[in-house]
1. When you scan the range 1-75 for helices (runs of 4 or more DSSP H) that lie fully inside it, which ones turn up with 3 or more residues that are of a type outside the set (D, E, K, R) and farther than 28 Å from LEU185 by Cβ?
2. For SER195, indicate whether it is part of a helix (DSSP H, G or I), modelled with pLDDT of 80 or more, of a type in the set (S, T, N, Q) and under 20 Å from LYS25 (Cα atoms).
3. Just checking, which of VAL238, VAL193, VAL228 is loosely packed, with under 15 Cβ neighbours inside 10 Å and within 30 Å of SER47 (Cβ to Cβ)?
4. How do the pairs read when you match residues in the range 180-208 that are farther than 17 Å from SER233 by Cβ with residues anywhere that are acidic (Asp, Glu), using Cβ under 6 Å and keeping only pairs 6 or more apart or on different chains?
5. For GLY82, only one of the following conditions fails: (1) surrounded by fewer than 19 Cβ atoms within 10 Å (Cβ to Cβ); (2) under 20 Å from GLY178 (Cα atoms). What is its number?
6. What are the residue pairs meeting all of these: first residue in the range 103-123, first residue of a type outside the set (A, V, I, L, M), second residue at pLDDT 85 or above and outside any helix (DSSP H, G or I), Cβ atoms under 6 Å, and 6 or more apart or on different chains?
7. Just to be sure, is LEU192 in contact with a Ser or Thr (Cβ under 8 Å, 6 or more places away or on another chain) and within 20 Å of ALA23 (Cα to Cα)?
8. Look through GLY125, GLY167, GLY186 and report the one residue that is exposed (fewer than 14 other Cβ atoms within 10 Å of the Cβ), modelled with pLDDT under 80 and small (Gly, Ala, Ser).
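The values are calculated or read from the model by the stated rules, or taken from the named source; none is laboratory data. Here the structure is a predicted model, which means the values were calculated and not measured. Every residue, glycine among them, receives a Cβ derived from its backbone with ideal geometry; neighbour counts consider all protein chains shown.
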Amino acid sequence: MKQERTFIQKLTLFFKGLAMGAANKVPGVSGGTVSFVLGFYEELIYSFQKINLKALKLLLNGRFRSFFRYVNIQFLALVMFGSVFSYFSISIVLDYFIQHYELYVWSWFFGMIIGSIYYISKDFGDWNLKNSISLLFGILIGVAISLMTPARENDNLWFVFVCGIIGVSGMTLPGLSGSFILILLGNYVLLLVDSVNSLFAVITSLLTGDFEVLNDPEKIRYLKIVAVFTAGSVFGLVSISHILAYVLKRWHQIVTATIIGFIVGSLGIVWPWKKEVFAQENGVFLLDKKSDKIVENFERYFPDFSNSETWMALLFIFLGIALILGIDYYENTRKRH
């Protein structure tokens, strides 16, 4: 039986959920990496694994206290509420900074991921041939994903369900950005921008007593898309977590080495000096970030060291690294006491 968490521990978990939710929304950044670095990744995976037939039987038999204890509901509720709340709070702030200070935000993330690689690998120890091959495999997969070309938007509900399964992978697989995968599938704007904005508008209208919004076919379309995407995400969380819990128990070092590789490979996606290339239906390419056109690819370039912006970006990279090293120092100090 798990020891009861203190109020401070509960609040900390909520803030960790906020950080994970914000990361999940940013293309190129993995919420799984955040959970790994902040030290609750394995508990997250094993808690989702507990959502199974035994949990369903406890629920149907009315044994709610046993059900809550079995699925670690307090932990899941705090983390998931933090993640969901982040979409309507932290993520909005993050979107603002990405729009106005994009280079510095990506630099900060880039530094955090470099720090995360050190944080995760420093105590790994056993770099035998099998683990080294797993590391290389993870790097190759991460790089291959970063070089893929995005598809076109597809609002078929079966495909939206699949997007939910795949998109949530960023929460369960460190180094793999669910948002970036949605860009590759062509549905990032549809699922994480348009649908979320429509859901927020519908909720706001209903709270103010405006029920006419439910007669708007466009809003209903987006509500269906949100519902199917959410169902796919829940299914994906539970199913992928069962698989990961299984492999973590049996091949912990191999899986960890592969995860480190994924994170190393994801550095190409988060490279700060890049432009998003947009494409219109007629094939004319745009570089206008305010355009609602489909992301076609990323155009990376090397920094100009004669530019003061470059040195400021480098400062943010070091700040990102320092943040992770600070977390590491705090964890080590806490363990000693």
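1. The helices (runs of 4 or more DSSP H) meeting that bar are 7-25, 53-60, 64-70.
2. yes
3. Just one listed residue meets the conditions, VAL193.
4. GLY186/GLU153
5. (1)
6. Listed pairs, sorted by first residue: TRP106/PRO272; SER107/PRO272; PHE110/PRO272.
7. yes
8. Answer to the selection: GLY125.
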